Amino acid sequence: MNSKSVAGFSKLNKIQKIAWLKEQFDDQNEDLHDILSSFWLNDEPMQKVVDGFSENTVSNFVMPYGLAPNFLIDGEIFCVPMVIEESSVVAAASSAAKYWMDRGGFKTQILGTSKIGQVHFKWFGNPSLIVQLFPEIKHALIQNASPITENMVKRGGGVTDIELIDFTKDIEGLYQLRVHFETCDSMGANFINSTLENFANTLEDFFVDHPSVNDKDRDVDIIMSILSNYTPQCVVRAEVSCKVNELGTFANGMMAEQLAEKFKTAVQIAHIDPYRATTHNKGIFNGIDAVILATGNDFRATEAAGHTYAAKDGIYKSLSHCEIKDGIFRFWLDIPLAIGTVGGLTSLHPLAKKTLEILGNPSAEKLMRIIASVGLAQNFAALRSLVTTGIQQGHMKMHIMNILNHLQANDSEVDQTLSYFADKTVSFSAVRDFIAKIRIN
Ligand code: MEV
C-alpha cells in the first residue's frame with residue numbers, strides 16, 4: 001500500500017494517527033484501531049513512558065521474554081532473561097548452560113573497558129605545527145570540558161587519553177581527535193558525545209587567537225563529533241573448558257573425542273570462510289542480542305561493534321575459538337560489549353529494570369561477563385547440534401508449537417501431534433495434514 005503524504009503528523013494524537021493510517025487503506029483494515037490498541041498497556045502512566053522512547057508511537061510490538069536458568073558464571077549462578085522471537089534459542093541457551101554447569105561453568109575475563117569518540121576536522125596549516133601545539137591543545141580540551149566530565153571523573157571514569165590522527169594523506173587537511181573514555185556503569189553515549197562537541201568548540205577557539213598560528217590558518221573546519229561504536233578495547237572473554245573425555249556422549253552415539261574434533265573443525269571453518277563465519281556469528285548474536293534487548297541496551301551498537309571486530313584481521317571470521325590441547329577441550333569467545341547498567345533505557349523500561357534486578361543489579365562489567373557467556377553458550381549449542389543431529393531436529397520441535405498455534409489446535413490435538421511427531425520429521429504441511437486427519441476422525 002502507498003500512503004499519501006502528510007503534514008504535521010507528529011502533532012496528531014495516537015488515535016488521530018491511527019485514523020489517518022486507516023484512511024490510507026480505503027475499505028480494508030477495519031480492525032486496524034482494534035489491533036493496535038489491543039497492545040496498549042492498561043497502565044496508562046507506563047504507556048506514556050514507553051511512548052516517550054520514540055516518536056509517532058501508535059502501539060507496542062510484543063516479543064517473547066524468556067528465562068535461561070543454570071548459567072554458572074565465575075562461580076555464581078544466574079537465570080538470564082532473554083528477549084527473542086526465534087524458537088529454540090532460549091531452549092538451546094538453557095541446555096548449554098546446564099551442560100557447562102556440570103563441567104565447571106563459564107569463566108570470564110574483562111580484557112578492557114575503554115571506549116572511543118572522534119572529532120573529525122580540517123585544518124590547512126603546517127602539519128608539524130599542530131603536532132607541536134598538541135600538548136597545549138590537549139590541556140585546553142580537558143580544562144574546558146571539566147564541567148561536563150567532573151561527575152564521571154568522580155565516579156572513576158572520564159577522558160583517559162586524546163590522540164591526534166593525521167588523515168591528510170587520504171583527505172586534504174583532515175585530522176581526527178581520537179578520544180579514549182571510561183564511562184563506568186553507563187554505556188556513556190550522551191556523555192561521550194557531549195564531551196566531543198565541547199572539544200570541537202575548544203578546538204575552534206584555540207586557533208583563533210593563538211600567537212604561533214598565522215592569520216591565514218585560524219579557521220578550523222569541524223566536520224563532525226561522534227562516538228565510535230567500534231570498541232576493540234572494550235572487550236570481554238568468556239570461556240568453557242573440560243577434559244575431552246568429560247564431554248560425554250552425544251546424539252547418534254557420537255563419542256567425546258569425535259565430537260571435540262568435529263566441533264573444533266566447525267569453528268576452524270568459521271575462521272577461514274566468511275560465508276560460514278557470518279552464520280556462526282549470527283548464532284552467537286542470537287544469545288547476545290536477546291540479553292542486550294532484555295536489559296534495554298543498544299543491540300545495533302553491539303552488532304556493529306561485533307561484526308567490525310570479527311573483521312579486524314582483514315577477513316571476516318569467527319568471534320569464537322576452539323582448541324584441543326593436552327586432552328583439554330577449550331572453547332572461548334572474545335566480544336566487544338559497550339553496554340550500561342545505569343542510564344538510558346536500563347532504568348526507564350520497566351522490564352529492562354526487572355531484568356537487571358533478576359541478574360542481581362550487576363555492574364556493567366558483570367553484565368559484559370553474563371552476556372558473553374550467553375553468546376558462547378548459544379554458539380556451543382548450535383555447533384553441538386550441527387555436528388551431531390543437524391539443526392532442524394531441535395528447530396522444528398520448537399517450531400511445531402508455532403504451527404499448532406497457527407492451526408488453532410486445541411489441547412488434545414497438541415498432545416496427539418507432539419507424540420506423533422516425537423520421532424518424525426516436522427514440516428508445516430505434515431503437521432497440517434495430521435491435524436486435518438485427526439479432526440475428521
Ligand atoms: C540460527 O538462528 C543460528 C545457527 O544457524 C547458527 C549456526 O549455524 O552456527 C544455527
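Each value in this text was obtained by applying a stated rule to the coordinates, not by laboratory testing. This is a predicted model, so every value here is computed, not measured. Backbone-built Cβ (ideal geometry, glycine too); neighbour counts: all protein chains shown.
Remarks
- Cα gyration tensor category, rounded, prolate or oblate, for the stretch 100-143 with a/c compared to 1.5: prolate
- Sorted from greatest to least, the principal axis extents spanned by the alpha carbons of the chain come out as 94, 70, 40 Å.
- Charged side chains reduced to their Cβ positions (Lys and Arg at +1, Asp and Glu at -1) give the chain a dipole of some 1120 debye around its Cα centre.
- The smallest convex shape that holds all Cα atoms of the stretch 1-62, its convex hull, gives 96 Å³ per residue.
- As a length-normalised measure over Cα pairs under 8 Å and 6 or more apart, the relative contact order of the stretch 394-440 settles at 52 percent.
- Proximal aspartates and glutamates relative to LYS11, as straight alpha-carbon distance under 18 Å, when same-chain residues fewer than 8 apart are discounted: GLU23, ASP51, GLU55
- Residue-averaged [θ]222 nm for the chain, counting only DSSP H segments that reach four residues, each worth -39500 (n - 2.57): -15500 deg cm²/dmol
- As a length-normalised measure over Cα pairs under 8 Å and 6 or more apart, the relative contact order of the chain settles at 17 percent.
- Between helix 299-310 and the chain there is an angle of about 80 degrees, using the helix long axis and the longest principal axis of the Cα atoms.
- Global geometry of the stretch 396-441, whether rounded, prolate or oblate, following the gyration tensor of its Cα atoms and the 1.5 cut on a/c: rounded
- Derived scalar couplings between HN and Hα for the stretch 423-434 equal 10, 10, 6, 8, 9, 4, 5, 5, 5, 4, 5, 5 Hz in order, rounded to whole Hz, by the Karplus curve 6.51 cos²θ - 1.76 cosθ + 1.60 (θ = phi - 60°), x for Gly and Pro.
- Computed from Cα positions, the angle between helix 364-386 and the longest principal axis of the chain comes to roughly 40 degrees.
- Reach of LYS107 by Cα under 29 Å, taken over lysines that are not fewer than 8 positions away in the same chain: LYS98, LYS115, LYS243, LYS262, LYS264, LYS282, LYS312, LYS317, LYS325, LYS353, LYS354, LYS366
- Whether the stretch 23-166 is rounded, prolate or oblate, judged on the alpha carbon gyration tensor where a/c under 1.5 counts as rounded: oblate
- A simple charge model with +1 on the Cβ of Lys and Arg, -1 on the Cβ of Asp and Glu and nothing else charged puts the dipole of the stretch 394-440 at about 140 debye relative to its Cα centre.
- Packing around the peptides 334-344, 237-247, 48-58, taken as the average count of other Cβ atoms within 10 Å per residue, puts them in this order, highest first: 334-344, 237-247, 48-58.
- Sorted on the mean count of surrounding Cβ atoms within 10 Å across their residues, most packed first, peptides 204-212, 313-321 read 313-321, 204-212.
- With respect to the chain, whose longest principal axis is taken over its alpha-carbon atoms, helix 14-23 is tilted by about 70°.
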